[in-house]
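Here the structure comes first, spelled out in structure tokens, and everything after it is commentary.
The values are calculated or read from the model by the stated rules, or taken from the named source; none is laboratory data. On a predicted model such as this, the values are computed, not experimentally measured, just so you know. Here the Cβ is made from the backbone with ideal geometry for all residues, glycine too, and neighbour counts use every protein chain on show. These accessible areas exclude ligands, DNA and RNA; they are computed on the full protein's heavy atoms, side chains included. Shrake-Rupley method; radii C 1.70, N 1.55, O 1.52, S 1.80 Å.
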Amino acid sequence: MGSEHEAATGTVGRLVAWLAMACLVVGGAVALEPPAASAAPAATAAPSSLAHTPAGITSGPDGNLWFTTYETPEIGRITPSGSITYFGGPGISTPDGIVSGPDGALWFTNFGNDSIGRITTGGTVTNYTGPGISQPHEMAVGADGAMWFTNFGNDTIGRITTDGTVTNYTGTGIRQPYWIAAGPDGAVWFTNLGNDSIGRITTGGIVSNLTGPGISQPKGIAAGPGGAAELWFANSGNGSIGRITTGGAVSNHTGPGIGGTDGVISGPDGNVWFCNTSDNSIGRITPGGQVSRFTDASVSAPDELTVGPDGAIWFTNFGNDTIGRITTSGAITHFTDPSAPPPPPAPGPNPPPTTASGSPFGALDGARWDGPGTVNVSGWAIDPDTTGPVDVHVYVNGRFAGATTAATSRPDVAGAFPGYGPDHGYAVDVPAPAGIDTVCTYGINQGRGGNNLLACRTVAVAGANPFGALDAARWHGPGTVNVAGWAIDPDSTGPVDVHVYVNGRFAGATTAAASRPDVAGAFPGYGPDHGYAVDVPAPAGDDTVCTYGINAGGTPGGNNLLACRTVTVPGANPFGALDDVRRAADGSVTVSGWGIDPDTSAPIDVHVYVNGRGAGATTAGHERSDVAAAFPGYGSGHGYRATVAAPAGPLVVCTYGINAGGTPGSNDLLGCRVL
């Protein structure tokens with residue numbers, strides 16, 4: 001194996017920034033939401049203001065590897081032969097963990113905007129929000145076919161089904177949950193970075209917490225090899241690998257080759273493989289505890305691993321923006337975006353420009369869809385024959401698309417090439433057709449040499465159909481569902497009409513024109529005014545609610561489904577609760593609670609029964625702000641309180657909601673208490 005890799009200054013800067021962010025997250029107070037192929041070593045890598053920094057990685061159903069890019073709003077795909085493509089899409093923000101879902105798509109966490117993303121193997125992205133999602137970190141597919149994820153920001157565990165329904169679970173001992181994995185016992189297991197413990201949650205939501213010798217800032221966790229009733233995890237705090245049985249017995253392994261551990265997986269060879277982030281290596285430990293360490297100059301802050309379709313272990317190099325591959329015998333190769341080759345070595349300190357010669361060099365740091373038929377490209381360029389600005393030409397799919405001058409300030413470039421100064425950055429919008437486009441930038445020569453390719457990237461430009469999301473659909477009052485989301489027509493910056501269908505029938509329409517700064521952040525070329533929210537009628541029962549983006553008039557494309565969700569609208573009978581029953585010294589009983597008839601927002605009558613006999617009546621018309629918060633379409637005037645006479649001895653006290661006159665349904669039990 002080669003010597004240990006020394007990270008470049010730019011790489012260290014990114015890692016320091018990332019670690020600083022993590023420390024701020026750990027130290028901050030967070031409010032809990034309510035439930036409801038080779039490349040040069042990184043030491044010669046070009047400075048970049050928009051590095052991909054690959055983080056999570058998984059094998060996809062299409063025979064490729066898919067990975068998240070922590071510092072850019074993209075999802076990457078790499079073929080087993082090393083060809084890389086990047087996909088942008090709505091709502092991608094600091095993507096982190098990624099898994100292959102049971103629906104044939106890839107699901108990922110958006111740490112940056114508290115959401116969960118889904119991308120098809122064709123590159124179509126959907127984004128989901130839900131109650132309690134807060135800085136989601138890692139994700140795993142549970143035995144129930146749902147995706148489970150850690151909410152690092154609010155100490156909870158989340159669950160999302162393939163239709164986008166989100167549930168959130170709290171429990172004793174959950175503290176900064178970090179990694180998550182499906183266990184061999186049908187439960188989901190996770191690491192608690194904040195309290196040195198291992199958590200377990202059943203698919204029914206029951207949480208338990210386990211501690212043991214040697215558990216120290218655990219990160220990665222994975223089911224053990226060969227179906228054994230155990231899980232293995234990485235202890236980043238003390239440089240060890242832990243093992244926990246499904247019965248809770250913990251053991252710990254140390255040894256040379258374990259240090260600053262992060263991701264962990266079970267390999268196809270019956271061993272456990274892990275990332276040594278701090279010393280730039282990949283580790284392997286046998287079930288018997290024998291440790292091996294593998295590295296070369298290409299391994300830089302490895303983060304996560306997965307077993308590839310070729311039987312090798314694939315991993316992300318967070319430190320130098322590459323994807324690594326290691327065979328079970330320890331042979332390492334790595335792959336980088338072919339559009340980002342390193343530049344020639346930097347000239348010596350402050351060389352006389354008149355003595356330098358050669359063609360321009362530089363980088364294409366970012367290329368992203370930026371508005372109707374538009375791609376934004378940015379990077380830097382230097383001609384070694386001059387300290388002055390360099391012209392940059394942009395080509396899309398082999399055709400000239402635009403030009404700019406690399407003259408904006410880039411202190412990072414000045415730091416790497418001090419003799420040339422900082423004024424060598426460029427950024428420009430160019431036209432690009434819908435589809436997967438190849439965007440290339442060229443430095444235009446001055447003096448000796450010739451024009452030179454800086455880099456190429458592939459960019460997914462949205463087609464002509466509207467796109468967007470159905471962020472929420474919830475029961476909102478008598479026979480009413482409220483839907484909310486956002487929509488954009490890629491051919492226009494103007495508002496888009498949105499139609500709502502309930503159970504396949506048209507139910508209402510609105511215009512997506514409300515301010516959504518998050519959408520503007522994801523699609524800056526379109527601005528913020530693309531949010532929608534509207535109430536539509538819906539019958540009692542489980543309703544399928546769908547929203548459609550209506551294609552802008554006079555533009556190509558057609559109407560397009562944004563998303564569907566299932567909403568339960570209560571039936572016609574009253575519902576509510578008997579919150580409290582108290583017996584006074586004189587033998588009387590006071591009851592209190594709340595009641596609503598789903599067919600009206602008006603107060604309803606409530607009858608009180610003691611030992612099966614009518615004892616009194618009242619009206620649920622008192623102020624209950626908590627009920628209004630839970631059922632905003634009905635208002636707050638639904639609380640009741642009544643005092644009734646009661647015989648001596650044991651009592652069964654019940655309250656009934658009385659169906660509102662002239663509405664469907666019948667009287668219904670609110671609750672009973674035994675005294």
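State all residues of region 85-118 that are surrounded by fewer than 23 Cβ atoms within 10 Å (Cβ to Cβ) and of a type in the set (Val, Ile, Thr); if no residue qualifies, say none.
Across region 85-118, the qualifying residues are THR85, THR94.
Would you confirm whether or not region 261-272 contains a residue that is among the polar types (S, T, N, Q), within 27 Å of GLY186 (Cβ to Cβ) and part of a loop (DSSP other than H, G, I, E, B)?
Yes; the residues of region 261-272 include at least one that is among the polar types (S, T, N, Q), within 27 Å of GLY186 (Cβ to Cβ) and part of a loop (DSSP other than H, G, I, E, B).
Output the strands (runs of 3 or more DSSP E) that fall wholly within region 130-247 and possess 2 or more residues being modelled with pLDDT under 90 and open to solvent by 20 Å² or more (accessible area, probe 1.4 Å), or say none.
In region 130-247, the matching strands (runs of 3 or more DSSP E) lie at 207-210.
Exactly one condition in (1) within 28 Å of the chain's Cα centre (by Cα); (2) open to solvent by less than 30 Å² (accessible area, probe 1.4 Å) is false for THR277; which is it?
Only one criterion in (1) within 28 Å of the chain's Cα centre (by Cα); (2) open to solvent by less than 30 Å² (accessible area, probe 1.4 Å) is unmet by THR277, namely (2).
For a quick check of your reading of the model, give me the residue pairs whose first member lies in region 538-562 and is under 19 Å from GLY89 (Cα atoms) and among the polar types (S, T, N, Q), whose second is open to solvent by less than 30 Å² (accessible area, probe 1.4 Å) and in a loop (DSSP other than H, G, I, E, B), with beta-carbon atoms closer than 7 Å and at least 6 apart or on different chains.
These pairs meet every condition: ASN551/PRO466; ASN551/ASP489; ASN551/GLY558; ASN559/ASN551; ASN560/PRO466.
In region 59-84, what residues are open to solvent by less than 20 Å² (accessible area, probe 1.4 Å) and closer than 20 Å to GLY308 by Cα?
Passing the criteria: GLY60, LEU65, TRP66, PHE67, THR68, THR69, ILE75, GLY76, ILE78, GLY82, ILE84.
If GLY450 meets every condition in (1) part of a strand (DSSP E or B); (2) more than 30 Å from LEU561 (Cα to Cα) apart from one, which number is that one?
Condition (1) is where GLY450 drops out.
Being crowded, with 16+ Cβ neighbours inside 10 Å, out of contact with any Pro (no Cβ under 6 Å at 6 or more places or on another chain) and among the small types (Gly, Ala, Ser) is the requirement here; does SER588 meet it?
Against the criterion (crowded, with 16+ Cβ neighbours inside 10 Å, out of contact with any Pro (no Cβ under 6 Å at 6 or more places or on another chain) and among the small types (Gly, Ala, Ser)), SER588 does not qualify.
Those residues that are in a strand (DSSP E or B) and either under 30 Å from THR600 (Cα atoms) or open to solvent by 30 Å² or more (accessible area, probe 1.4 Å) (or both), I need them from region 437-447; list them, please.
THR438, TYR442
Within region 593-614, is even one residue surrounded by fewer than 17 Cβ atoms within 10 Å (Cβ to Cβ) and within 20 Å of PRO495 (Cα to Cα)?
Within region 593-614, none of the residues are surrounded by fewer than 17 Cβ atoms within 10 Å (Cβ to Cβ) and within 20 Å of PRO495 (Cα to Cα).
Does region 327-350 include one or more residues that are modelled with pLDDT of 90 or more and assigned to a strand (DSSP E or B)?
Within region 327-350, one or more residues are modelled with pLDDT of 90 or more and assigned to a strand (DSSP E or B).
Every residue in region 485-507 that is surrounded by fewer than 20 Cβ atoms within 10 Å (Cβ to Cβ) and under 21 Å from the mean Cα position of the chain (by Cα), please.
Passing the criteria: none in range.
Filtering region 39-58 down to residues that are surrounded by 20 or more Cβ atoms within 10 Å (Cβ to Cβ), of a type in the set (A, V, I, L, M, F, W, C) and not in a helix (DSSP H, G or I), which residue is modelled with the highest pLDDT?
ILE57
For region 286-305, how many residues are part of a strand (DSSP E or B) and crowded, with 24+ Cβ neighbours inside 10 Å?
Within region 286-305, residues that are part of a strand (DSSP E or B) and crowded, with 24+ Cβ neighbours inside 10 Å number 4.
Filter region 640-667 down to residues that are open to solvent by less than 20 Å² (accessible area, probe 1.4 Å) and not in a loop (DSSP other than H, G, I, E, B) and give me whichever is farthest from ARG582 (Cα to Cα).
Applying the filter and picking the extreme gives GLY657.
Would region 486-496 turn up any residue that is touching a Leu at 6+ places or on another chain (Cβ under 7 Å) and aliphatic (A, V, I, L, M)?
yes
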